[in-house]
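Let me begin by presenting the structure, written as structure tokens, before commenting on it.
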Amino acid sequence: MAKPSRPGAGNSKKKGAIKGTGGHGRKALEGRGNTPKAEDRSWHVAGKRKAAQERYAAAGGKGRIGQKPQSGGSNPNRRVSGSSASSDTETVTGRNSVLEALRTKIPATTMYIAQRVEMDDRVKEMLAIARHREIPVLEVTRQELDRMAGFDGVHQGVALKVPPYEYAHPQDLLEQVIDRGETPLFVALDGITDPRNLGAIIRSTAAFGGHGVILPQRRSASVNSAAWKTSAGAAARIPVALAANLTTMLKEFKKQGVFVLGLDGGGDVSLPALELADRPVVIVVGSEGKGLSRLVTETCDQIVSIPISAATESLNAGIAASVALYQVSTVRAAKG
């Protein structure tokens, strides 16, 4: 007859351990060491940011993207951006864009020219600069240039390989303009994701005496080959800066005496009646669909509207920026 088991005692007739593992699971309790820092995790936002900064540094960049350099300042003549995060080079196409890039001494690695290309004055100057700077010149088929230019790209028989674009810091741009004794005129983009719009705005900024274009670090077009092409080479002369947070940057500019003007169809000030044109200003352009974001709108000193025909619903962002820049430059020229 089996003895009745006392309360709490193990049943010796059962096979195997009931409680615990006899130390077999000890390794699972030892942990996996210290958690890596966020910037050391390749999938983490901080890790991706660190990798991007290292790529920019490898391309000859100075300072950190979206942050003011600790010392030494930065070059206002920023250059070209890779079209993707994994690309180490960018292709500039079109005769005006390639020629401007060569004239401004962007550190190009290779120039491509189509077989039996028409040798106009621009092409001759490109070849002369390339020879002087010892940039390799390769003759390729037009089909190869079509591939390099990408969908709907127009290369006009020439292309240039250049490093990724090196963005400026907004504060550096402002300080440089002030140090030169000039009245700041910037364009900031809020939600513009089409690089062709960006290129058109860069071109207009150059045409009407602007000092630079400012982009938010997130949800924005970048200076890629499409922007370069649309800018007709102006991207080689007009610096483009990245702001880690556009609203915060605008507030910092306001503290330094810069007026923030937002463009919107329902603005409270009509562009012809704008009285701040001769002051330091940054013109903020929103997307054609959504317009200015709420936080940016709240930060603006004035919301400015451009008078248009009732038959037209709105203006393209690039055109709106051009009209506003023209008005500001006209007022400044009149006041001397």
Which of rounded, prolate or oblate describes segment 267-320 when judged by the alpha-carbon gyration tensor and an a/c cut-off of 1.5? oblate
Phi-derived 3J(HN,Hα) across segment 96-110 with the Karplus relation (6.51, -1.76, 1.60, θ = phi - 60°), rounded Hz, x for Gly and Pro, is 5, 5, 5, 5, 5, 4, 6, 4, 8, 6, 4, x, 5, 9, 8
Note: THR141 to ASP268 extended length (0.36 nm per residue) minus current alpha-carbon separation gives 40.2 nm
Note to self: C-alpha centroids of segment 99-138 and segment 211-252 sit apart, in Å, by 26 Å
How do the peptides 323-332, 110-119, 137-146 rank, highest first, by the average count of neighbouring beta carbon atoms within 10 Å per residue? 323-332, 110-119, 137-146
Using the Cα gyration tensor of segment 179-222, with a ≥ b ≥ c the square roots of its eigenvalues, what is the shape: rounded (a/c below 1.5), prolate (a/b larger than b/c) or oblate (neither)? oblate
Cut-off under 13 Å on the C-alpha distance; same-chain residues fewer than 8 positions from LYS37 excluded. Which aspartates and glutamates are left, in chain and number order? none
Tell me, in nm to one decimal, what length is gained between LYS251 and ARG237 on full extension, where the rule is 0.36 nm per residue of separation less the Cα-Cα distance? 2.4 nm
Full extension from ARG133 to ASP120: what is 0.36 nm times the residue separation minus their Cα-Cα distance, to one decimal in nm? 2.6 nm
Mind running the shape call on segment 170-335? Use the C-alpha gyration tensor, a ≥ b ≥ c as the square roots of the eigenvalues: rounded below 1.5 for a/c, prolate if a/b tops b/c, oblate otherwise. rounded
Nearest-0.05 FRET efficiency for ASP179 and THR109, computed from C-beta distance (R0 41 Å): 0.80
Order these peptides, 197-205, 269-277, by their mean beta-carbon neighbour count within 10 angstrom, highest first. 197-205, 269-277
Starting with the highest mean, order 290-298, 313-321, 155-163 by the number of other Cβ atoms within 10 Å, averaged over the residues of each peptide. 155-163, 313-321, 290-298
Enumerate the amide H contacts of ASN224 below 5 Å, restricted to partners 5 or more residues apart or on another chain; note that Pro and chain-start residues carry no placed amide H. none
Backbone HN-Hα couplings from phi across segment 126-139 [Karplus 6.51/-1.76/1.60, Hz, Gly and Pro as x]: 4, 5, 5, 5, 4, 5, 4, 8, 6, 8, x, 10, 10, 8
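None of the figures in this text is laboratory data; all of them are computed from the coordinates on show. Please read all numbers here as calculations on a predicted model, not as lab measurements. Cβ coordinates were reconstructed from backbone atoms using ideal geometry, including for glycine residues, and neighbour counts include every protein chain displayed.
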